[in-house]
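J.: Below you'll find the structure I mean.
The values are calculated or read from the model by the stated rules, or taken from the named source; none is laboratory data. Computed from a predicted structure; not experimentally measured. Cβ: placed from backbone, ideal geometry, glycine included. Neighbour counts: every protein chain shown. For the accessible areas, the whole protein counts, side chains as well, though only heavy atoms, and no ligand, DNA or RNA atoms are used. Shrake-Rupley method; radii C 1.70, N 1.55, O 1.52, S 1.80 Å.
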Amino acid sequence: MLLFLRRRLILWAVLAIAVPLVEWLLGKVSATLRERKGDSAVTRGLDTARSGLRSLRGKRR
């Protein structure tokens, strides 16, 4: 039982803390690159990854 609760707690921590943090970080990196070099395949890829994380968060709620 304790193992089951521990696994659920770790999953909750990842979804509640790490995913929004990574989403924020991808947005900051994308915005900084876009300011410096303009729109590129890298910034579009970062935006795509960020939107994928948003959809991941939306499905878990």
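J.: Within the range 18-61, which residues are touching an Asp or Glu at 6+ places or on another chain (Cβ under 9 Å), touching a residue at least 24 places away in the same chain (Cβ under 8 Å) and open to solvent by less than 60 Å² (accessible area, probe 1.4 Å)?
T.: Result: L26, L53.
Conditions tested, residue by residue: (1) out of contact with any helix residue (DSSP H, G or I) (no Cβ under 7 Å at 6 or more places or on another chain); (2) of a type outside the set (S, T, N, Q).
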| site | (1), (2) |
| --- | --- |
| R8 | yes, yes |
| V14 | yes, yes |
| I17 | yes, yes |
| G38 | yes, yes |
| T48 | yes, no |
| R57 | no, yes |
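J.: Can you name the residue in the range 18-48 that is modelled with pLDDT under 90 and among the hydrophobic types (A, V, I, L, M, F, W, C) and is also farthest from the chain's Cα centre (by Cα) among such residues?
T.: A18
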